[in-house]
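Engineer: What follows is a single structure, and I will ask about it in a moment.
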Amino acid sequence: MKLDVMAENRVGFRATQAGGMKTLTYSRPSADTFNIDIETDAGAKFQINLKAR
């Protein structure tokens, strides 16, 4: 994977070859929230949301 985007509280990667994930992005939209966004090679998209306790 290669770096695709880097911004405040966000970093994203794009696959350089086929193999499961097309994109992978980490973001921190608020102080107590962390998100992981994934797009598969097949085009399915999903988000994992994590919160501080």
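Only the coordinates and a few stated rules stand behind these numbers; no lab work does. The shown structure was predicted, so the numbers you read here are calculated from the model rather than taken from an experiment. Backbone-built Cβ (ideal geometry, glycine too); neighbour counts: all protein chains shown.
Engineer: Mind telling me which of the residues 33, 16 ends up being of a type in the set (Ser, Thr, Tyr), at negative phi and surrounded by 11 or more Cβ atoms within 10 Å (Cβ to Cβ)?
Structural biologist: Among 33, 16, only 33 is of a type in the set (Ser, Thr, Tyr), at negative phi and surrounded by 11 or more Cβ atoms within 10 Å (Cβ to Cβ).
Engineer: Next question, about the same structure. Six or more apart or on different chains, Cβ under 9 Å: which pairs go from a residue in the range 37-53 that's closer than 16 Å to residue 4 by Cβ to one that's of a type in the set (Asp, Glu) and surrounded by 10 or more Cβ atoms within 10 Å (Cβ to Cβ)? Could you list them?
Structural biologist: These pairs meet every condition: 45/37; 45/39.
Engineer: Let me ask another. Taking the range 1-36 as the region of interest, how many residues are assigned to a loop (DSSP other than H, G, I, E, B), touching a residue at least 12 places away in the same chain (Cβ under 8 Å), over 14 Å from residue 49 (Cα atoms) and of a type in the set (Asp, Glu)?
Structural biologist: Counting residues in the range 1-36 that are assigned to a loop (DSSP other than H, G, I, E, B), touching a residue at least 12 places away in the same chain (Cβ under 8 Å), over 14 Å from residue 49 (Cα atoms) and of a type in the set (Asp, Glu) gives 0.
Engineer: How about the range 2-18: which of its residues are over 19 Å from residue 30 (Cβ atoms) and touching an Asp or Glu at 6+ places or on another chain (Cβ under 7 Å)?
Structural biologist: 13, 14, 18
Engineer: Being of a type in the set (A, V, I, L, M), loosely packed, with under 15 Cβ neighbours inside 10 Å and more than 11 Å from the chain's Cα centre (by Cα) is the requirement here; does residue 1 meet it?
Structural biologist: Criteria met by residue 1.
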